[in-house]
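The values are calculated or read from the model by the stated rules, or taken from the named source; none is laboratory data. Keep in mind it's a predicted model, so treat the numbers as computed, not measured. Reconstructed Cβ throughout: ideal geometry from the backbone, glycine too, with neighbour counts over all protein chains shown. Note: accessible area is taken over every heavy atom of the protein model, side chains too, but ligands, DNA and RNA are not part of it. Shrake-Rupley method; radii C 1.70, N 1.55, O 1.52, S 1.80 Å.
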Amino acid sequence: MGVTQKNRPFEFSVYRMLNQHTPPIRLQIRTQHTQEAFDSIERREMDVAFVVREIMSPSVTIKPFFSEKMVLLRLAVPGRQAGDTVEMGELAAEHEVFINWNREFQFRHDQWWDPLCPSRVHLDTAGLITTFLKDARQWTIVPASIGAHMMRIGDFVLQKLSAPVPPRICYKVTPNFSTRLYTIPFVFLIPICKIYLEYNDLTS
């Protein structure tokens, strides 16, 4: 089974579960940008892709797979409690570590904070958060799965925001054809993904 993905909230545990499945599943995994993932599906090189942006194509089917709540991530310091609700006005734009998760997120974000703030740190990958989130005044908004991962690897706290933040949606992309070889892996893959997400309370 070929799997390609841009979104990385659940990949490692899910892939471990697939790798340990009986009977064995032949697994090929690619990490690609959204356009590359769509190209791989269109060429039928891969069976499924998980992406965070829609691209219309007549040769693929794209459906929402799950939506993921967004949370506030900050350094854990005395007096800062996990799960507390933080007012938007308490978060200074100049101390933000910003990642543009999707268009809806960008639109709402720019309503709350100055989009032209010169001292804001802009990142294009969550992997750099630990490099830049070093000061107690700093903050960032991340999907729940990334927040949970950050809690495991660093001294961080997850909190709620006082205003609703658009969730990040993960889309499942598949080719527009169906064969026995193609459908058999999904008997295992899709339920495993859903079980993992529900168990870890990552969905909105």
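In straight Cα distance, which aspartates and glutamates are under 16 Å from Lys69, not counting same-chain residues fewer than 8 positions off?
Asp84, Glu104, Glu198, Asp201
Restricting to Cα pairs below 8 Å that are 6+ residues apart, what does the relative contact order work out to for region 74-132? Please round to a whole percent. Intermediate results must be reported in sequence, preceding the final value.
Working: 35 pairs, mean separation 22.7, N = 59.
The normalised contact order for region 74-132 reaches 39 percent.
Could you name the aspartates and glutamates whose alpha carbon sits less than 13 Å from that of Lys63, not counting residues in the same chain fewer than 8 places away?
Leaving aside aspartates and glutamates fewer than 8 places away in the same chain, those within reach of Lys63 are Glu54.
Among Gly154, Pro115, Pro143, whose Cα lies farthest out toward the positive end of the dipole of region 110-154, if unit charges sit on the beta carbon of Lys, Arg (+1) and Asp, Glu (-1)?
After comparing all options, I get Gly154.
Roughly how many percent of the accessible protein surface of region 19-106 is carbon and sulfur, given a 1.4 Å probe and a whole-percent answer? Walk me through the numbers on the way to the answer.
Working: 2310 of 4970 Å².
So the carbon and sulfur contribution to the accessible surface is 46 percent.
So which GluC sites (Glu not before Pro) in region 82-164 are both in a DSSP loop and have at most 12 other Cβ atoms within 10 Å of their Cβ? The partial results should precede the final answer.
On the way: sites: Glu87, Glu90, Glu94, Glu96, Glu104; in loops: Glu87.
When the GluC sites (Glu not before Pro) of region 82-164 are filtered for loop state and at most 12 Cβ neighbours within 10 Å, Glu87 remain.
Would you mind getting me the FRET efficiency between Arg43 and Lys160? Use the beta-carbon distance for r and R0 = 35 Å, nearest 0.05.
Values: r = 42 Å, r/R0 = 1.21.
Approximately 0.25, to the nearest 0.05.
Return the loop-located trypsin sites (Lys or Arg not before Pro) in region 46-87 (DSSP other than H, G, I, E, B) with at most 15 other Cβ atoms within 10 Å of their own Cβ; answer none if there are none. It would help to have the intermediate numbers written out before the result.
Numbers: sites: Arg53, Lys69, Arg74, Arg80; in loops: Arg53, Lys69, Arg80.
Answer by residue number: Arg80.
Indicate the gyration tensor shape class of region 13-116 (rounded, prolate or oblate), computed on the Cα atoms with a ≥ b ≥ c the square roots of the eigenvalues: a/c under 1.5 is rounded; otherwise a/b larger than b/c is prolate and the rest oblate. Provide the component values of the computation, followed by the final result.
Values: a/c = 3.30, a/b = 1.68, b/c = 1.96.
Because a/c hits 1.5 or more and a/b fails to exceed b/c, region 13-116 counts as oblate.
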